[in-house]
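A.B. asks: Dumping the structure here so I can ask a few things about it.
The values are calculated or read from the model by the stated rules, or taken from the named source; none is laboratory data. Every value quoted in this text rests on a predicted model; they were computed, and no experiment measured them. In this analysis, Cβ positions are derived from the backbone assuming ideal geometry, glycine residues included, and neighbour counts consider all displayed protein chains. Heads up: the accessible areas ignore ligands, DNA and RNA and are worked out on the full protein's heavy atoms, side chains in. Shrake-Rupley method; radii C 1.70, N 1.55, O 1.52, S 1.80 Å.
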Amino acid sequence: MSLPTYTAAEVATHATADSLWMVIDDGVYDLTKFASFHPGGASFIVAGAGGDATEAFYALHRSEILEKTAKKYKIGTLVGGTRREIRAGALSAVPYAEPAFFQGAPSPYYDESHKKFRAAVRAFYDEHVRPDMVQNDVAGKPPSKELYEKLGAAGMFATRLQPGPWMKDCVDNCGMTLPGGLTPEQFDTFHEMIAHEELGRLGVPGYCDGIGAGFVIGVPPVLMFARPELRQRVGRECIMGKKRICLAISDPFAGSDVAAIQCTATKTPDGKHYIVNGVKKWITNGTFCDYFTTAVRTGGNGFNALSLLLIERGEGVETNPIKTAYSPAAGTSYIIFENVKVPVENLLGREGDGFKLIMHNFNHERWMIVAGTNGAMRNVLKECYTFAHQRKTFGKRLIDQPVIRNKLARMTSQLEAVECWTESITYQMGKLTHAQQAVALAGPIALLKFLCTRVANFFADEGAQIFGGRGITRTGMGRVIEGFNRAAKFSAILGGSEEVMADLGVKQADRSFPADARL
């Protein structure tokens with residue numbers, strides 16, 4: 001049912017505490033009963049009664065308040081008012097809020113399918129994730145099983161994996177659809193990159209990592225190196241959101257030093273099982289996962305080999321939450337394996353190939369972290385540009401202050417540089433085999449991640465300076481900036497610390513340094 005319309009003169013007759021109307025955009029709101037409950041006090045509401053409070057509202061609130069708290073107080077629309085329409089999946093017109101192609105620039109990498117795909121993915125998140133993501137993040141509530149299944153059926157998990165036969169298998173046999181009318185044959189590495197960016201741009205890092213961060217790094221070794229029956233069963237379950245999986249590599253003793261892990265797997269005398277003992281730490285999604293793609297030491301008494309096992313939650317598996325800087329919704333965990341019996345059929349690849357498989361997986365994980373961080377930085381940049389146009393200090397908008405324009409210039413130019421390098425490497429990933437990628441891209445991806453997380457650290461700093469006190473407040477206008485600040489270091493550490501990435505990148509380059517090169 002359409003709401004009635006009112007003129008400005010009619011609104012002006014309701015300018016007292018007993019009958020308090022005001023206009024925001026083209027909406028007319030009756031806030032008579034709400035005034036006494038307003039968190040900022042009734043005086044702010046009464047002061048704007050009977051008139052257009054749009055500028056005052058946006059100086060203090062995010063627009064989402066109109067769709068949540070204020071929606072029930074809307075009684076009509078203003079004749080001749082300015083309407084703000086927010087459409088699910090809409091791309092932003094704020095400068096640099098989207099990669100250049102998605103704001104009209106030509107590109108050799110994208111086509112119309114990528115534009116439709118981004119809009120469809122964003123629309124799905126707007127409908128199914130955005131409404132309660134902030135509350136769940138604050139409460140530390142992980143994404144529900146129901147949401148996981150919706151994500152799976154809509155192809156939101158499948159499109160966060162590298163192109164492969166598993167996508168078509170789930171479309172043909174599990175009833176999965178793909179966003180934007182995409183087909184498995186069309187899907188490429190740029191569609192996947194977009195999927196990671198869109199999740200990152202939601203602006204709630206803990207809860208968003210709860211949406212399959214473990215899946216993206218935990219299921220690829222299963223899809224690529226497991227025996228056929230295990231690959232099909234577990235792959236389908238996880239891609240469709242029926243089961244959840246994580247990657248369990250790090251332990252308290254080793255951290256980034258994968259070769260030094262101490263978790264062991266000993267074969268039983270009959271050779272049918274491994275008995276796993278040890279602990280893992282900082283495992284994203286571990287608290288609620290059904291499967292654990294786990295690095296273990298094998299090779300008999302000496303445990304001189306590194307292998308990968310798929311361990312199913314069951315007897316002897318204990319997971320405990322770890323409190324980190326961001327939300328417990330991510331399910332960051334400490335895992336204890338105590339005499340866990342694992343069928344030898346759950347070995348991924350061959351015994352002793354673990355280090356090679358982990359390194360193979362790391363390239364994709366690090367690239368995925370970059371894509372997600374780029375998406376998060378796009379969102380931060382959009383917030384900063386928008387806030388700079390809304391916020392007034394010393395009689396001017398922030399955007400009118402040269403120091404703020406300088407901050408935005410440095411943020412914009414650095415993100416554009418990272419994005420361009422990301423697109424270049426993404427293109428190469430789509431053209432090279434996995435074996436070729438391991439040789440040609442390990443160093444560049446490591447250096448890209450190093451640069452990306454350095455820029456993210458700069459974004460965290462400058463974003464907070466632009467937003468001021470709001471940038472260190474968990475709720476309200478600066479919540480995206482505050483959340484980004486708390487989570488920026490995660491990208492710099494997970495998947496390999498900045499120091500390790502920088503060193504690896506240069507070492508890889510040094511391997512191909514020509515012996516006869518001279519100044």
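To keep it simple, each residue is scored yes or no on (1) of a type in the set (D, E, K, R); (2) surrounded by 14 or more Cβ atoms within 10 Å (Cβ to Cβ).
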{"residue": "Leu447", "(1), (2)": "no, yes"}
{"residue": "Asn457", "(1), (2)": "no, yes"}
{"residue": "Ala460", "(1), (2)": "no, yes"}
{"residue": "Thr475", "(1), (2)": "no, no"}
{"residue": "Phe484", "(1), (2)": "no, yes"}
{"residue": "Phe490", "(1), (2)": "no, yes"}
{"residue": "Glu498", "(1), (2)": "yes, yes"}
{"residue": "Ala509", "(1), (2)": "no, no"}
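A.B. asks: Does the range 415-442 hold any residues that are within 20 Å of the chain's Cα centre (by Cα), open to solvent by 60 Å² or more (accessible area, probe 1.4 Å) and in contact (Cβ under 8 Å) with a residue 12 or more places away in the chain, and which are they?
C.D. replies: Answer for the range 415-442, where residues must be within 20 Å of the chain's Cα centre (by Cα), open to solvent by 60 Å² or more (accessible area, probe 1.4 Å) and in contact (Cβ under 8 Å) with a residue 12 or more places away in the chain: just Trp421.
A.B. asks: Separate question: Sort out which residues of the range 32-48 are part of a helix (DSSP H, G or I), at pLDDT 80 or above and either over 13 Å from Asp18 (Cβ atoms) or β-branched (Val, Ile, Thr) (or both), and write them in order of number.
C.D. replies: Those that are part of a helix (DSSP H, G or I), at pLDDT 80 or above and either over 13 Å from Asp18 (Cβ atoms) or β-branched (Val, Ile, Thr) (or both): Phe37, Ser43, Ile45, Val46, Ala47.
A.B. asks: Shifting gears a bit: For the condition open to solvent by 60 Å² or more (accessible area, probe 1.4 Å) and either without any contact (Cβ under 8 Å) to a residue 40 or more places away in the chain or among the polar types (S, T, N, Q) (or both), what is the one hit in Pro95, Pro39? Talk me through it step by step, then tell me what you get.
C.D. replies: Values: Pro95 fails: either without any contact (Cβ under 8 Å) to a residue 40 or more places away in the chain or among the polar types (S, T, N, Q) (or both).
The unique qualifying residue is Pro39.
A.B. asks: Only residues that are open to solvent by 20 Å² or more (accessible area, probe 1.4 Å), β-branched (Val, Ile, Thr) and not in a loop (DSSP other than H, G, I, E, B): list them for the range 153-197, please.
C.D. replies: If the condition is that a residue be open to solvent by 20 Å² or more (accessible area, probe 1.4 Å), β-branched (Val, Ile, Thr) and not in a loop (DSSP other than H, G, I, E, B), then Val171 is the only one that fits.
A.B. asks: Six or more apart or on different chains, Cβ under 7 Å: which pairs go from a residue in the range 486-510 that's under 12 Å from Ile369 (Cα atoms) to one that's open to solvent by 50 Å² or more (accessible area, probe 1.4 Å) and in a helix (DSSP H, G or I)? Could you list them?
C.D. replies: Every condition considered, the pairs that remain are Ala488/Asn457; Ala492/Asn457.
A.B. asks: Looking at the range 207-224, I want the residues that are within 17 Å of His360 (Cα to Cα) and part of a helix (DSSP H, G or I) and have a partner that is open to solvent by 10 Å² or more (accessible area, probe 1.4 Å) and of a type in the set (Asp, Glu) with Cβ atoms under 8 Å, at least 6 apart or on another chain. Which pairs are those?
C.D. replies: Matching pairs, first to second residue: Val216/Glu365; Ile217/Glu365.
A.B. asks: Please go through the range 15-36 and pick out each residue that is of a type in the set (A, V, I, L, M), open to solvent by 20 Å² or more (accessible area, probe 1.4 Å) and touching a Phe, Trp or Tyr at 6+ places or on another chain (Cβ under 8 Å).
C.D. replies: Taking the range 15-36 as the starting set, the residues that turn out to be of a type in the set (A, V, I, L, M) are 15, 17, 20, 22-24, 28, 31, 35.
Of the ones still in play, those that are also open to solvent by 20 Å² or more (accessible area, probe 1.4 Å) are 15, 17.
Ala15 - this is the single residue of the range 15-36 that is of a type in the set (A, V, I, L, M), open to solvent by 20 Å² or more (accessible area, probe 1.4 Å) and touching a Phe, Trp or Tyr at 6+ places or on another chain (Cβ under 8 Å).
A.B. asks: Give the residue, chosen from Val134, Val138, that is of a type in the set (A, V, I, L, M, F, W, C), open to solvent by 40 Å² or more (accessible area, probe 1.4 Å) and part of a helix (DSSP H, G or I). Walk me through how you get there before you give the answer.
C.D. replies: Numbers: Val134 fails: open to solvent by 40 Å² or more (accessible area, probe 1.4 Å).
Of the residues listed, the single one that is of a type in the set (A, V, I, L, M, F, W, C), open to solvent by 40 Å² or more (accessible area, probe 1.4 Å) and part of a helix (DSSP H, G or I) is Val138.
A.B. asks: Open to solvent by 60 Å² or more (accessible area, probe 1.4 Å) and more than 31 Å from the chain's Cα centre (by Cα): is that true of Phe44 in this structure?
C.D. replies: Here the answer is yes, as Phe44 does meet what is asked.
A.B. asks: Which ones in the range 315-344 are exposed (fewer than 14 other Cβ atoms within 10 Å of the Cβ) and either at positive phi or in contact with a Leu (Cβ under 7 Å, 6 or more places away or on another chain) (or both)?
C.D. replies: Once the filter is applied, which keeps residues that are exposed (fewer than 14 other Cβ atoms within 10 Å of the Cβ) and either at positive phi or in contact with a Leu (Cβ under 7 Å, 6 or more places away or on another chain) (or both), the range 315-344 yields only Asn339.
A.B. asks: Answer yes if at least one residue in the range 50-63 is among the aromatic types (Phe, Trp, Tyr), within 25 Å of Arg391 (Cβ to Cβ) and within 31 Å of the chain's Cα centre (by Cα), and no otherwise. Can you show your working first?
C.D. replies: Of the residues in the range 50-63, the ones among the aromatic types (Phe, Trp, Tyr) are 57-58.
Next, only the ones that are within 25 Å of Arg391 (Cβ to Cβ) stay: 57-58.
The next check asks that each one be within 31 Å of the chain's Cα centre (by Cα); those that pass are 57-58.
Yes: the range 50-63 contains one or more residues that are among the aromatic types (Phe, Trp, Tyr), within 25 Å of Arg391 (Cβ to Cβ) and within 31 Å of the chain's Cα centre (by Cα).
A.B. asks: Further question: Do you know which residues across the range 273-294 are modelled with pLDDT under 95 and small (Gly, Ala, Ser)?
C.D. replies: none
A.B. asks: Looking only at strands (runs of 3 or more DSSP E) that lie completely in the range 261-376, which have at least 2 residues being farther than 28 Å from Ile425 by Cβ and under 32 Å from the mean Cα position of the chain (by Cα)? Lay out the reasoning, then the answer.
C.D. replies: Values: elements: 264-267, 273-283, 291-298, 305-312, 317-321, 333-343.
Those strands (runs of 3 or more DSSP E) span 273-283, 291-298, 305-312, 317-321, 333-343.
A.B. asks: Further question: Given the residues Phe117, Phe101, Phe124, which is the only one that is in a helix (DSSP H, G or I), under 19 Å from Glu67 (Cα atoms) and among the aromatic types (Phe, Trp, Tyr)? Walk me through how you get there before you give the answer.
C.D. replies: Numbers: Phe117 fails: under 19 Å from Glu67 (Cα atoms); Phe101 fails: under 19 Å from Glu67 (Cα atoms).
Every option except Phe124 fails the conditions.
A.B. asks: Kindly indicate the residue of the range 244-259 that is assigned to a loop (DSSP other than H, G, I, E, B) and either in the same structural domain as Glu146 (by the TED database) or open to solvent by less than 30 Å² (accessible area, probe 1.4 Å) (or both) and also nearest to Leu348 (Cα to Cα) among those meeting that condition. Walk me through it before giving the result.
C.D. replies: Our first condition is that a residue be assigned to a loop (DSSP other than H, G, I, E, B); within the range 244-259, this holds for 244, 249-257.
Among the residues that remain, those that are also either in the same structural domain as Glu146 (by the TED database) or open to solvent by less than 30 Å² (accessible area, probe 1.4 Å) (or both) are: 244, 249, 251, 254-255.
Details: Arg244: 18, Ile249: 14, Asp251: 19, Ala254: 22, Gly255: 22 Å.
Only one residue fits best here, namely Ile249.
A.B. asks: Determine which member of the set Thr393, Thr433 is of a type outside the set (D, E, K, R), out of contact with any Ser or Thr (no Cβ under 6 Å at 6 or more places or on another chain) and over 30 Å from Phe187 (Cβ atoms). Steps first, answer last, please.
C.D. replies: On the way: Thr433 fails: over 30 Å from Phe187 (Cβ atoms).
Thr393 is the lone residue from the list that is of a type outside the set (D, E, K, R), out of contact with any Ser or Thr (no Cβ under 6 Å at 6 or more places or on another chain) and over 30 Å from Phe187 (Cβ atoms).
A.B. asks: Which residue out of Arg227, Arg201 is closer than 30 Å to Val171 by Cα and either of a type in the set (Asp, Glu) or in contact with an Asp or Glu (Cβ under 7 Å, 6 or more places away or on another chain) (or both)? Even if it seems obvious, please write down each step before you answer.
C.D. replies: Working: Arg201 fails: either of a type in the set (Asp, Glu) or in contact with an Asp or Glu (Cβ under 7 Å, 6 or more places away or on another chain) (or both).
That would be Arg227, the only listed residue that is closer than 30 Å to Val171 by Cα and either of a type in the set (Asp, Glu) or in contact with an Asp or Glu (Cβ under 7 Å, 6 or more places away or on another chain) (or both).
A.B. asks: Separate question: Return the residue satisfying two criteria in turn: it lies in the range 64-83 and is part of a loop (DSSP other than H, G, I, E, B) and under 22 Å from Gly203 (Cα atoms), and of such residues it is least open to solvent (accessible area, probe 1.4 Å). Even if it seems obvious, please write down each step before you answer.
C.D. replies: Here is the first cut: in the range 64-83, the ones part of a loop (DSSP other than H, G, I, E, B) are 68-69, 79-83.
From what's left, under 22 Å from Gly203 (Cα atoms): 68-69.
Details: Lys68: 89, Thr69: 64 Å².
Within the range 64-83, the match that is least open to solvent (accessible area, probe 1.4 Å) is Thr69.
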